[in-house]
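Below is one structure, written out as structure tokens, with a few remarks after it.
The values are calculated or read from the model by the stated rules, or taken from the named source; none is laboratory data. What you see is a predicted model; the values in this text were computed from it and never measured. Note: ideal-geometry Cβ built from the backbone for every residue, glycine included; neighbour counts use all protein chains shown. These area figures cover heavy atoms from the full protein model, side chains too; ligands, DNA and RNA do not enter into them. Shrake-Rupley method; radii C 1.70, N 1.55, O 1.52, S 1.80 Å.
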Amino acid sequence: MENNPLKIYWHDRGYLPHFEGGEITQTVSFRLYGSLPKELLLKWKGELANEPELKRNEEFRNRVEDYLDNGPGVRWLADGRIAGMVARALAKFDGERYMLHAWAVMPNHVHALFSPCGGHAISSILQSWKSFTAKEAKKTLGLDGKFWQPEYFDRAIRNERHFFMAREYIENNPVKAGLVAQPQDWPWSSASSPRSAGVPPASR
């Protein structure tokens, strides 16, 4: 799969920086609104302010993901109706707008490993997922207000080793969070699907 250098750029909306890499494979994580206290995020940012940027970003991400795996916040995705709907939304345009390599719908956040294609930007793919699923979830649960946190974490895949590490992390997340004993036991991830045998990363 060839990259289009004209589509490779960084952007942000005042929160986190995001990388648009054309058809470069990326891993993304997005979470429910209210799943992590704002005060805690500010506290972590203050504690890590003097660390080198790379270490700061990595440690911040690790703290967020550890909290989400164990946190007491909202867990709307623990409802099988909502988790199944989100899973179907992730798969909806697989092979058309993106190639979906791995995914996991956790009780309060979602992981996906995919390669954008057909000129679709990562930001537009995320917007499509979040917009549709928020509307459907709020209708099913009788909720008002925000459903997803506006921001998301993304990371470009560097090489084949990084690809397989990212896929393993995503499919192992339910085990790490203590939800199941084996990745394939979690029904809302690529590990429980026959398609999870995996799509090797294309030449990038």
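Among the residues of the stretch 26-71, write down those that are of a type in the set (A, V, I, L, M, F, W, C) and without any contact (Cβ under 8 Å) to a residue 12 or more places away in the chain.
Residues satisfying the conditions are Leu42, Ala49, Leu54.
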Whichever residue in the stretch 78-95 is of a type in the set (A, V, I, L, M) and open to solvent by 40 Å² or more (accessible area, probe 1.4 Å) and, among such residues, is nearest to Gly118 (Cα to Cα) | Ala91
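Yes or no, residue by residue, for (1) among the hydrophobic types (A, V, I, L, M, F, W, C); (2) in a helix (DSSP H, G or I):
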| site | (1), (2) |
| --- | --- |
| Lys55 | no, yes |
| Phe60 | yes, yes |
| Leu68 | yes, yes |
| Val74 | yes, no |
| Met85 | yes, yes |
Quick check: is even one residue across the stretch 20-37 outside any loop (DSSP other than H, G, I, E, B) and open to solvent by 60 Å² or more (accessible area, probe 1.4 Å)?
-> no
Scanning the stretch 124-149 residue by residue, those in contact (Cβ under 8 Å) with a residue 24 or more places away in the chain, farther than 17 Å from Leu77 by Cβ and open to solvent by 30 Å² or more (accessible area, probe 1.4 Å) turn out to be Ser128
Does any residue of the stretch 96-117 turn out to be open to solvent by 20 Å² or more (accessible area, probe 1.4 Å), in contact with a Leu (Cβ under 8 Å, 6 or more places away or on another chain) and either more than 14 Å from Thr27 (Cα to Cα) or in contact (Cβ under 8 Å) with a residue 12 or more places away in the chain (or both)?
-> yes
